[in-house]
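Enquirer: Handing you this structure, nothing more for now.
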Amino acid sequence: MEFSGPEPADFANVIALNRAFLRRLRAGSPGRDLRALIPGTMRHAVTGLTDRHVERLSALPFLLLSLRERDAGFWNSVAADGATPDLFMSDARTHDEITVPAMSFLWQLARRNPYAARLVSGAPPDWCDHVGEYTLLALLQRIRGRRDVLQPRFAGHEGCWQKLLGPGLSSRRQVRESAHLTCLQTLLTDEPPSTPRRMRAAACSRSVPVLRTVDR
């Protein structure tokens with residue numbers, strides 16, 4: 001595995017994706033289902049984010065959006081469900097305009113530098129191997145139109161959201177970056193849940209790529 005960190009262009013993509021995600025997250029009706037996944041006490045603060053706040057949070061050194069990279073069971077189900085018939089058929093009820101570019105970015109990063117993919121998303125090596133077994137088109141055909149792929153990072157983790165929406169928005173750069181790095185440390189040290197053994201056993205009979213259990 002290559003152990004060089006993300007390149008400047010990778011961080012530029014992280015910032016752009018964070019900006020798009022935060023704008024969707026704070027939006028009234030379009031972001032309601034995403035806001036429902038973060039701690040209830042934080043939702044009002046999210047809808048009140050100003051453009052300046054969005055820019056400050058966009059500068060996080062990791063993706064604030066999650067593609068459920070640590071949820072092996074979810075990605076096994078994606079593999080089993082098969083592809084959607086038309087990649088370019090739009091549906092306003094989905095978040096494809098964010099999910100598709102985010103998946104495209106992580107797919108190429110996971111294939112090029114799994115270590116960098118882990119640093120910006122917490123993705124374990126097995127997930128990187130899993131998505132890398134698909135062509136990009138085949139992968140996007142499997143996730144397009146699904147409303148259950150895109151989620152906020154740290155969903156349910158009130159402590160991280162308090163950091164992000166408190167000192168993480170500070171006008172003082174040092175305070176802001178300290179909060180961001182604390183959340184990055186949480187992302188990199190929290191262990192992903194293990195995959196039930198029965199899921200791994202059932203995967204043996206599948207002809208599609210299956211995500212293996214993450215070693216704890």
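Enquirer: Take the residues of the stretch 16-41 that are of a type in the set (A, V, I, L, M, F, W, C) and surrounded by fewer than 17 Cβ atoms within 10 Å (Cβ to Cβ): which is farthest from T94 (Cα to Cα)?
Expert: The initial filter retains those residues of the stretch 16-41 that are of a type in the set (A, V, I, L, M, F, W, C), namely 16-17, 20-22, 25, 27, 34, 36-38.
Checking the rest, the ones that are also surrounded by fewer than 17 Cβ atoms within 10 Å (Cβ to Cβ) come to 16, 27, 36-37.
On the way: A16: 19, A27: 14, A36: 15, L37: 16 Å.
Going through the qualifying residues, I end up with A16.
Enquirer: Let me ask you something else. Among the candidates S4, S58, single out the residue that is polar (S, T, N, Q), modelled with pLDDT under 95 and either under 30 Å from R112 (Cα atoms) or touching a strand residue (DSSP E or B) at 6+ places or on another chain (Cβ under 7 Å) (or both).
Expert: Numbers: S58 fails: modelled with pLDDT under 95.
After applying the criteria, what remains is S4.
Enquirer: Another question, then. Taking the options A83, A79, name whichever one is closer than 23 Å to D148 by Cβ, in a helix (DSSP H, G or I) and modelled with pLDDT under 95. Steps first, please.
Expert: On the way: A83 fails: in a helix (DSSP H, G or I).
Exactly one residue qualifies, and that residue is A79.
Enquirer: Answer yes or no as to whether L106 is within 22 Å of I38 (Cα to Cα) and at pLDDT 95 or above. First the steps, then the outcome.
Expert: Values: within 22 Å of I38 (Cα to Cα): no; at pLDDT 95 or above: yes.
In short, no.
Enquirer: Sticking with this one: What are the pairs with Cβ atoms under 7 angstrom where one residue, in the stretch 135-148, is surrounded by 18 or more Cβ atoms within 10 Å (Cβ to Cβ) and the other, located anywhere, is part of a loop (DSSP other than H, G, I, E, B) and modelled with pLDDT of 95 or more? Sequence gap at least six, or different chains.
Expert: I143/V149
Enquirer: Mind checking which residues of the stretch 52-75 are among the acidic types (D, E), touching a helix residue (DSSP H, G or I) at 6+ places or on another chain (Cβ under 8 Å) and crowded, with 17+ Cβ neighbours inside 10 Å?
Expert: First, the residues of the stretch 52-75 that are among the acidic types (D, E): 55, 69, 71.
Adding the requirement that they be touching a helix residue (DSSP H, G or I) at 6+ places or on another chain (Cβ under 8 Å) leaves 55, 69.
Residue satisfying the conditions is E69 alone.
Enquirer: Just checking, does the stretch 15-28 include any residue being without any contact (Cβ under 8 Å) to a residue 24 or more places away in the chain, in a helix (DSSP H, G or I) and of a type in the set (S, T, N, Q)?
Expert: Checked the stretch 15-28: no residue is without any contact (Cβ under 8 Å) to a residue 24 or more places away in the chain, in a helix (DSSP H, G or I) and of a type in the set (S, T, N, Q).
Enquirer: Let me ask something additional. Just to be sure I understand, how many residues within the stretch 149-181 are surrounded by fewer than 21 Cβ atoms within 10 Å (Cβ to Cβ), part of a loop (DSSP other than H, G, I, E, B) and among the charged types (D, E, K, R)?
Expert: Residues in the stretch 149-181 being surrounded by fewer than 21 Cβ atoms within 10 Å (Cβ to Cβ), part of a loop (DSSP other than H, G, I, E, B) and among the charged types (D, E, K, R): 1 in total.
Enquirer: Further question: All but one of (1) farther than 19 Å from L17 by Cα; (2) surrounded by fewer than 18 Cβ atoms within 10 Å (Cβ to Cβ); (3) touching a Lys or Arg at 6+ places or on another chain (Cβ under 8 Å); (4) not hydrophobic (A, V, I, L, M, F, W, C) hold for H130; state the number of the condition that does not hold.
Expert: If we test H130 against (1) farther than 19 Å from L17 by Cα; (2) surrounded by fewer than 18 Cβ atoms within 10 Å (Cβ to Cβ); (3) touching a Lys or Arg at 6+ places or on another chain (Cβ under 8 Å); (4) not hydrophobic (A, V, I, L, M, F, W, C), just (2) comes out false.
The values are calculated or read from the model by the stated rules, or taken from the named source; none is laboratory data. As the structure is a computational prediction, the values presented were derived from the model and not from experiment. Cβ: placed from backbone, ideal geometry, glycine included. Neighbour counts: every protein chain shown.
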